Every structure is written in structure tokens, then in C-alpha cells.
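Novice: Okay, here's the structure, questions in a sec.
Rule-based calculations on the coordinates, nothing more; no lab input. If you're wondering where the values come from, they're calculated on a predicted model, not measured in any experiment. All Cβ positions, glycine included, derive from the backbone under ideal geometry; neighbour counts span all protein chains shown.
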Protein chains: 2
Amino acid sequence: MRQVFMNAPRDVSVGERDDPKIVEPTDAIIRLTATCICGSDLWPYRGVEDVDHTPMGHEYVGVVEEIGDEVKTLKVGDFVVGSFVISDNSCEICQAGYQSRCFHAEFVSATIGTQADKARIPFADGTLVATPGQPDAELIPSLLAASDVLGTGWFAAVAAAAGPDKTVAVVGDGAVGLMGVLAAKQLGAERIIAMSRHADRQALAREFGATDIVAERGDEGVAKIKELTDGLGAHSVIEAVGTQESFLQAFGATRPGGHIGFVGVAHEGVSIPADELFFAEVHLHGGPAPVRRFLPELIQLIWDRKINPGKVFDLTLPLEQAAEGYTAMDERRAIKMLLEL
Amino acid sequence: MRQVFMNAPRDVSVGERDDPKIVEPTDAIIRLTATCICGSDLWPYRGVEDVDHTPMGHEYVGVVEEIGDEVKTLKVGDFVVGSFVISDNSCEICQAGYQSRCFHAEFVSATIGTQADKARIPFADGTLVATPGQPDAELIPSLLAASDVLGTGWFAAVAAAAGPDKTVAVVGDGAVGLMGVLAAKQLGAERIIAMSRHADRQALAREFGATDIVAERGDEGVAKIKELTDGLGAHSVIEAVGTQESFLQAFGATRPGGHIGFVGVAHEGVSIPADELFFAEVHLHGGPAPVRRFLPELIQLIWDRKINPGKVFDLTLPLEQAAEGYTAMDERRAIKMLLEL
């Protein structure tokens, strides 16, 4: 089968890989319908994370082709959406809603690699969720978004306690930040301030529910948020970048007692000054999103045409052109790109 | 009147200061019944914070001697307990329960100084809470504790989501950590693990409700907590120290999805690696405790003899001997010391 490999930074190719086989009785083999390139895939692309002929991809939707003997909730032919982290969905941590930190957690990106024709998904019952039926083609991008960026933005909005009567500010106008806007809207937020300097992303943010746009960054951005919130700061802030600057921007934009939901993958060297954290007096929650917690609800919202997160994909290419997809993402010519199979 | 001054690091004396007067119509003048020395007073004592003939003290109980024209909820003769932060208790931030970050917030320690015969308390209606009557002498230490260490330990336990069915670990065996143990017990925690290497503090922790003691620190302490919690970590962790080591210990001791309540005053230079924060996937909340939020409830619990936080005071001296009190706290000969007036 075909598999996208990142051979080295800025060196992506589509190669051959053996078809996956059932290894454990809890496995399923899926044939991918669509996959995509994540903002986090750009870290190794840019040389910030190690990479060496690594099979890429951790976002996926597809059709179940084969199941192990112990798989109970899925059958061959089911259309499924899966999380970017494998989970058994039954351990104490999963039951508490933290499937991304399951006792059996495994990042799909590490070994599985869903930028491919097929993939072996361990703990299929705990990781995959079947859609109510075979989806119309127009729903595929939205279902694919649920696999990571939508689930991650949703988790950030929940972690930021977005809801009725709340003002939510979103730091980061990438796909996850934009999904955070959509999630805040769905969760009933009264006012949603998107921080973005790019006209196309601003337009998409407004479409997803943003009521205000702040183009300023850093201290100026914080001052603008304060100005829009009677000097208090937002109740809820979504941090969807993961840099030192974005963290401090989030702290500054949140009122005392408010909530920050952070999902930007923080890298080594980024640190939070404990005295700023102390005197900010905010609630802070985040990490790798437990997408599995939200998948049933998100799939239903998509199925019922209540949300259209698939709009975040502004570039679609066949799998063979994966390398061009990486370049487009890296150069920010695309917010999020979909690879067709 | 008499006032304790810290002239310079390790140089404490009792000097003369003009009696306070009503300045604003919302002020009250109180005559102190008791006051005490806080762990945070040791920062300037040890030269970590600037100090220059500074009037000291921010914990206090006393009797109202005079009120401004606009004070409505208090009358002369009332026995009152006040928070270590002035608050109007009416702004939007106060109403959300964050009186320590009130629009009119002012640290009592900065200018007022309650290690003295009297003190002027601004926003008296919003800062002070009257007890149901004149307290018996035996209740004074407990009421004094409510002013800061109990209120702070209580906030930490609430921020850590301590409650029924929860395992709570407490990092720090100072007065605040011990009050965190007491609070976790009152909030219904099933299991309370106190981290302490000192026999006297371990004994007090057990008296306040600790079910387990862990004497190990750092990685070994974390391993021990994991061992006691099926490898998962505690649901709730109270961080009551404020150092880099204690923060990392708290992260390590908390299960994914768990809560850390942190109240140890973090100082410049202490920082939290964002990647550790990200992958710990915990809830983090803390800062200067909004003691005013909890005062009515804490006073009632003390009044009804349901809790006895005053036991945390293991040294009592007259105000004149304040310097000896600082030395005893600094040398850890006293957990918490009370100054009688």
C-alpha cells in the first residue's frame, strides 16, 4: 500500500509499505477514505522534532476492512472516525474522560501513520466510533476534522469553560483555533473574540461564530481584549499555539478566576513563569485532547448538519501530492489540507 | 501605638507608629486581639524580597473601634476577622469569588501592617466579617487562622477539587499545607496523603485528617504517591510551597485529568516547563487565596467547634517579642506563631 514518509526535515515522499495485518484480537484494519496534514506535522518538517523515514499521519476516517476476534462494537463495512490517540476507553483514566492519557495510550503518529491507504488501529472498540450510516461525500471533511482539529478545539473550549454569558478569546488562528471558535459558539458563548491578522482566517472565524476580531498581538493584543471586556479580560481563553508568547498572551487576556484551555503543543524550552501564573489567578487546563470523549457528540452534530467544521480545509490534494501539501501548510498558503484517497 | 517593623533582613523590632485614623468613609479602625507571623513574612526576612523599615503583618482578628460613615454591616464593638487582601466584595471579580483580585484589591501586608495594636481596614464592609458574638478566648487562634492560613489551605483544597471519593495529596507541611489537610477532610476526601519529613508535623497532619504520610520527596515522593494510588496518581494535589521542586512534585503526583490547587507563593525564577504542563494534562488553579469568599463558612465551622485550625499555632508570644517569633519561624522551631496583644 501507499504510505507518506517524512524522510528528513522538508523531505516528504509517498512510498510503499506492507499492508497492515491484525496483530492483536482487539485490532481493526481500516481503509482510509481521507486523511490530512496536521499543524503538529510541521514540527518535524521544520526540524524542531526528530524525524527519520517516519510514516506520517494521525487524522483519519475510513471503512472497516477487517476486525480482530475481540472487537465487539464494529463490523466490516462500518464507516469510522478515530482519535489521534489510541485508547481502550475502559480504564479509570478513560472513564474519567481522559482517553488521550489512557493506560494503553499510543499516539497514532508515532508508528501507525494514517497518511496511507490503510491502517491498523489497536483497541478498535475504544478508539473508533462508527457513524450512523455511510456518509454523504460532503460530510467527509467534517468527519475527518472531528478526528483531531475539531476534537482538539472542542476540548480547548470545554477546558476554557466556554458557555452561555461568557466572553471567549481565542489565541491562534490555525485550524485548531478556528475550531475553538466553532466550539465556543456551539457551547453557547455570548461573545467570541478571534485573534488573527489574516483576512482569510478572520473571515472563516466570523463564519464559525466569532463576534469580534483582534488583529493586535502580544501586549497590544492583551490591551485590546481588556478594552473589549471592561478592563477585566475574557472569562475563557483558548490557547492554540504553544509558544511562550501565546501563553503569556493568554494569561494577560484572562480575567482573575477565568479559565484558559490550552492545546497548542508546547515544546521544550517554553516555560511559564510561576509568579505570573500565581498572580494571574486563572484556571489552566489542557494537553493532548481526549478527542474520543467528544467523538459521539461531534459525529452527531455533523451528521445532523448542525456544524460544518470541514470548511477549515481550504486545500485538497490526492495522497500522491502529499509533499506539495506539506509545503502549502508550511508556507501558510493553506490553513488545513485534506489528502484524498 | 506599637507596630512591628522589619528594618532590614533579619532585623525586626517593635516601634512606635501613629494611631490609624479613618481616611475614607468605608474604612474601619480595629483594635487587634491577636495577629501572627506568616510563612510569606520569611521571604523578606531571608532577603528574598525587598524590605526597608516596613510595617509587618497581614493576619488579624480584633474589635471594631471606629467606623466611617458609609460602613453598613459592622458596628463599633463587633469582633471581626478579615482577609489578608482588602476587597470591596461587590465588583464583578469579587462576585465571581475572587476577592483577592478585587478591582480595589490591596495587600494588607504592603502598607497596613497588622502586627500592631490597631489597624485601618479600607472597604471594611467588603473585607471584614463579624463573628456571631464575642468569641471565647479558646476560639481566638482558630479565628486568626481563618484570616490567612486556613482560608488559603481551604482555597487550595477547593481549587484541587478535593471531595468525596477523592485521594488528595498535600505537598508542603507548613501551616498552609496542614490547613489543606484539614480542608480536604472537611470537604469529604476519602484519602489524604500528607508529604512530610517531620514527626511533629506528621502528627498534626494526622490529627487534621491525613490518612497516609509520605516522607520521601522529589521523584521518590512521586513514586510513593503513585504506589499508593494504583499507579495513577492522586485526584487532587495541594501545592503549598512555591518552589520549582514542589511544583514538579505536584505535577508528578497528579493523575491525568486531576486537579492541582497551588497556593505556595511562587517567586521570580521559578518556572513551569510548558511541555511538562502539556503532557501532565491536569487542571491547575491557584494564586493568592480569595479568603473573603470562605470566611463566613469558616467562621461558622469554628464557632460550632467543628474544626480546630488554631492547633496549628505551636508558639505564642507577646507582641513585644515579635523578633524572637521571626527567629523561631525562620529556624522552623515553630510551625506557626501567634502574637498576643
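Novice: Can you list the lysines whose alpha carbon is less than 18 Å from that of A:LYS336, not counting same-chain residues fewer than 8 positions off?
Specialist: Counting by Cα, and skipping residues close in sequence, A:LYS336 has these lysines nearby: A:LYS311.
Novice: For chain A, give the magnitude of the charge dipole about the Cα centre (Cβ charges: +1 Lys/Arg, -1 Asp/Glu; no others), in debye to the nearest 20.
Specialist: Values: 29 positive and 49 negative charges, 157 e Å.
I would put it at about 760 debye.
Novice: If you don't mind, another one. Which whole-number percentage describes the relative contact order of chain A, with Cα contacts under 8 Å and a sequence gap of 6 or more?
Specialist: Numbers: 876 pairs, mean separation 64.2, N = 341.
This gives 19 percent for chain A.
Novice: Note down the magnitude of the dipole of the protein assembly as shown about its Cα centre, charges +1 on Lys and Arg C-beta and -1 on Asp and Glu C-beta and zero elsewhere, to the nearest 20 debye.
Specialist: Values: 58 positive and 98 negative charges, 203 e Å.
Value, rounded to 20: 980 debye.
Novice: Considering the dipole of chain B built from charges on the beta carbon (Lys and Arg +1, Asp and Glu -1) around the Cα centre, which of B:SER147, B:PHE262, B:SER196 is farthest to its positive end?
Specialist: B:SER196
Novice: Another question about this same structure. Peptide B:264-276: average number of partner chain Cβ atoms within 10 Å per residue? Intermediate values should be presented prior to the final figure.
Specialist: Values: counts 2, 4, 7, 4, 4, 3, 7, 8, 9, 7, 15, 8, 4.
Neighbouring Cβ atoms belonging to other protein chains average 6 per residue here.
Novice: How do A:VAL71, A:VAL14 line up, fewest other C-beta atoms within 10 Å first? Walk me through the numbers before you get to the answer.
Specialist: Values: A:VAL71 22, A:VAL14 18.
Ordered by Cβ neighbours within 10 Å, fewest first: A:VAL14, A:VAL71.
Novice: Which of A:LEU150, B:LEU182, B:LEU228 comes first, and how do the rest follow, when ranked by fewest Cβ neighbours within 10 Å? Could you put the intermediate results ahead of the total?
Specialist: Working: A:LEU150 32, B:LEU182 28, B:LEU228 19.
By the 10 Å Cβ count, ascending, the order reads B:LEU228, B:LEU182, A:LEU150.
Novice: Additional query: For chain A, what number results from the quotient of the Cα radius of gyration and 2.2 N^0.38 Å?
Specialist: Details: Rg = 19.4 Å, N = 341, 2.2 N^0.38 = 20.2 Å.
Normalised Rg, Cα atoms only: 0.96.
Novice: Now for a different question. What Kirkwood radius, in Å to one decimal, follows from the Cα pairs of the stretch B:152-286?
Specialist: On the way: mean 1/r = 0.0719 Å⁻¹.
Roughly 13.9 Å, rounded to one decimal.
Novice: Is there a simple number for the mean count of other chain Cβ atoms within 10 Å of the Cβ of residues in B:279-292, and what is it?
Specialist: Working: counts 6, 3, 11, 6, 6, 8, 8, 8, 8, 4, 1, 3, 0, 0.
Average per residue, whole number: 5.
Novice: Along the Cα→Cβ direction, 7 angstrom out, place labels at B:ASP212 and A:LYS306. What is the inter-label distance in nm?
Specialist: So the two model labels end up 4.1 nm from each other.
Novice: What whole number of Å gives the distance from the Cα centroid of the stretch B:12-27 to the Cα centroid of the stretch A:35-66?
Specialist: Between the Cα centres of the stretch A:35-66 and the stretch B:12-27 lies a distance of 66 Å.
Novice: Report, please, the projected area of the protein assembly as shown averaged over directions, based on the convex hull of its C-alpha atoms, in nm². Write out the running numbers ahead of the final one.
Specialist: On the way: hull surface 118.4 nm².
Spelled out: convex hull of the Cα atoms, projected over all directions, averaged, 29.6 nm².
Novice: So, one more: Given A:LEU295, A:ALA253, A:PRO273, which one lies farthest toward the positive end of the charge dipole of the stretch A:190-341, if we put +1 on the Cβ of every Lys and Arg and -1 on the Cβ of every Asp and Glu?
Specialist: A:LEU295
Novice: Starting from a label point 7 Å past Cα on the Cβ side, list the distances from A:GLU331 to the same position in the other copies, nm, shortest first.
Specialist: Result, one decimal in nm: 7.3.
Novice: Using a label point 7 angstrom from Cα along Cα-to-C-beta, what distances in nm, from shortest up, separate A:GLU190 from the other copies?
Specialist: The projected label point of A:GLU190 is separated from its counterparts by 3.9 nm.
Novice: A:GLN300 label points, 7 Å along Cα→Cβ, one per copy: pairwise distances from this copy to the rest in nm, shortest first?
Specialist: 3.9
Novice: Would you list, by chain and number, the lysines whose Cα falls below 26 Å from the Cα of A:LYS21, excluding same-chain residues fewer than 8 positions away?
Specialist: A:LYS72, A:LYS75, A:LYS118
Novice: Let's see if you can work this out: charge +1 on each Lys and Arg Cβ, -1 on each Asp and Glu Cβ, no other charges. What is the dipole magnitude of the stretch A:152-286 about its Cα centre, in debye to the nearest 20?
Specialist: On the way: 10 positive and 17 negative charges, 76 e Å.
In debye, rounded to 20, the stretch A:152-286 gives about 360.
Novice: Suppose we keep just the DSSP beta bridges with both residues in chain A; what percent of those would be antiparallel, to 5?
Specialist: The answer is about 55 percent antiparallel.
Novice: Straight-line reach from A:LYS306: which aspartates and glutamates have Cα under 12 Å away, leaving out those fewer than 8 places along the same chain?
Specialist: A:LYS306 reaches A:GLU297.
Novice: Long-range amide H contacts for A:HIS259: which residues qualify at under 5 Å (H placed 1.01 Å from N, peptide plane, sequence gap of 5 or more or a different chain)?
Specialist: So A:HIS259 has HN proximity to A:SER236, A:VAL237, A:HIS283.
Novice: Moving to a separate point now. In whole Hz, what ³J(HN,Hα) sequence does the stretch B:119-134 give by Karplus (6.51, -1.76, 1.60; θ = phi - 60°), x for Gly and Pro?
Specialist: Couplings: 8, 8, 10, x, 6, 4, 4, x, 10, 9, 10, 7, 6, x, x, 6 Hz.
Novice: If you don't mind, there's one more thing I want to ask. Among A:GLY82, A:GLY47, A:GLY180, determine the one that fluctuates most according to a GNM of chain A built with springs between C-alpha atoms less than 10 Å apart.
Specialist: Maximum among the listed residues: A:GLY47.
Novice: By counting other Cβ atoms within 10 Å of each Cβ, how are A:CYS91, B:CYS36, B:CYS102 ranked from fewest to most? The partial results should precede the final answer.
Specialist: Working: A:CYS91 18, B:CYS36 30, B:CYS102 26.
Ranked by crowding around the Cβ, least crowded first: A:CYS91, B:CYS102, B:CYS36.
Novice: Please give, to one decimal in nm, the separation of the simple spin-label points placed at A:VAL48 and A:GLU324, each 7 Å out from Cα toward the Cβ.
Specialist: The modelled label-to-label distance comes out at 2.7 nm.
Novice: Would you grab the residues whose amide H sits under 5 Å from the one on A:ALA334? Only those 5+ places off in sequence or on another chain, please, with H modelled 1.01 Å from N.
Specialist: Excluding prolines and chain starts, which carry no amide H, the hits are A:MET329.
Novice: May I ask you to list the residues of the stretch A:89-123 whose amide nitrogen lies under 15 Å from a point 7 Å from Cα along the Cα→beta-carbon direction of A:GLU70?
Specialist: Only A:89-91, A:103-105, A:121-123 fall inside the zone, counting backbone N under 15 Å.
Novice: Among A:HIS53, A:LEU187, B:VAL61, flag the residue with its Cα farthest along the positive direction of the charge dipole of the protein assembly as shown, charges on Cβ as +1 for Lys/Arg and -1 for Asp/Glu.
Specialist: Highest projection toward the positive end goes to A:LEU187.
Novice: Scan around B:VAL71 for amide H atoms under 5 Å from its own, H built in the peptide plane at 1.01 Å from N, and keep only partners 5 or more places away or cross-chain.
Specialist: It is none; the list stays empty.
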